[in-house]
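The values are calculated or read from the model by the stated rules, or taken from the named source; none is laboratory data. Here the structure is a predicted model, which is why all the values come from computation and not from measurement. Using ideal geometry, Cβ is built from the backbone for each residue, glycine included, and neighbour counts are taken over all protein chains shown. SASA here: full protein model, heavy atoms, side chains in, ligands and nucleic acids out. Shrake-Rupley method; radii C 1.70, N 1.55, O 1.52, S 1.80 Å.
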Amino acid sequence: MAEKNQKQSAAGHTRSDEESATLQSKEFRRKRRIRIAAYIVAFAVFQSIIIAIFAVTVMKYRTPKFRLGKITVETLVSTPAPSPSFNTRFVAQVTVKNTNFGPYKFDNTTATFTYGGMTVGQVVIPKGKAGLRSTKKIDATVDLNSDALASTSSLGSDISSGILKLSTQARLSGKVELMFVMKKKKSAQMNCTLTFDLSAKALQALDCN
């Protein structure tokens, strides 16, 4: 009788151990599925963040900056009276700053220099390419004079004061290329004011916006 009870007790323990092992196995699989699901969600969120950053930074088209840079005056002659006049030659460094993650190819254009709204000279800026996130520098020789200006008291006054202010405007047209396939037209505007010191025969100030 005792032996029979022992066998029944042993069988009961065996079934209990099997049930416990089955429950543990099910719990393990459940936790593993939860971990896998969490990893998938985390990876999807991470991908979304990377795509958003990529779209905002790399894939954003930016307008290049078109400016005058260093000015080296070669000649600067002025006459205050009786007929106010000036003529000058200088080498201007034209810069095209491209902040895009792709090259910017631009067409040739013409920069017009003015005094009091009247044209005193022009210079052609040749076509070219500014690489991704780089600045293209172009040296241009500029010849300006007052021959086309009517004799005005303002020109005589400016020359007598020793300060001559000129303005320059130009529009640059081109295309930004991203990922070697996507292209978008972008135009940049140059608006600069040049202030010359006539007595020093040099550029006093350059302001571009």
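Structure above, values below:
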| read-out | value |
| --- | --- |
| Out of 75, 95, 88, 57, sole residue that is closer than 30 Å to residue 172 by Cβ and at pLDDT below 95 | 57 |
| Tally of residues being among the acidic types (Asp, Glu) and touching a Phe, Trp or Tyr at 6+ places or on another chain (Cβ under 6 Å) across the stretch 182-208 | 0 |
| Selection within the stretch 132-191 - over 20 Å from residue 66 (Cα atoms), out of contact with any helix residue (DSSP H, G or I) (no Cβ under 9 Å at 6 or more places or on another chain) and of a type in the set (S, T, N, Q) | 145, 151, 152, 153, 154, 157, 160, 161 |
| Residue that is touching a residue at least 12 places away in the same chain (Cβ under 8 Å), charged (D, E, K, R), loosely packed, with under 15 Cβ neighbours inside 10 Å and under 14 Å from residue 89 (Cα atoms), where the choices are 201, 184 | 201 |
| Sole residue being polar (S, T, N, Q), without any contact (Cβ under 8 Å) to a residue 12 or more places away in the chain and surrounded by fewer than 15 Cβ atoms within 10 Å (Cβ to Cβ), chosen from 154, 161 | 161 |
| Test set (1) open to solvent by 70 Å² or more (accessible area, probe 1.4 Å); (2) closer than 26 Å to residue 85 by Cα - residue 168 fails condition number | (1) |
| Residue in the stretch 107-117 that is under 18 Å from residue 185 (Cβ atoms) and either open to solvent by less than 70 Å² (accessible area, probe 1.4 Å) or of a type in the set (A, V, I, L, M) (or both) present | yes |
| Residue tally, condition buried (at least 18 other Cβ atoms within 10 Å of the Cβ) and either touching a Cys at 6+ places or on another chain (Cβ under 8 Å) or over 28 Å from residue 142 (Cβ atoms) (or both), over the stretch 187-198 | 2 |
| Subset of the stretch 174-191 [under 12 Å from residue 98 (Cα atoms) and either aliphatic (A, V, I, L, M) or not in a strand (DSSP E or B) (or both)] | 176, 188 |
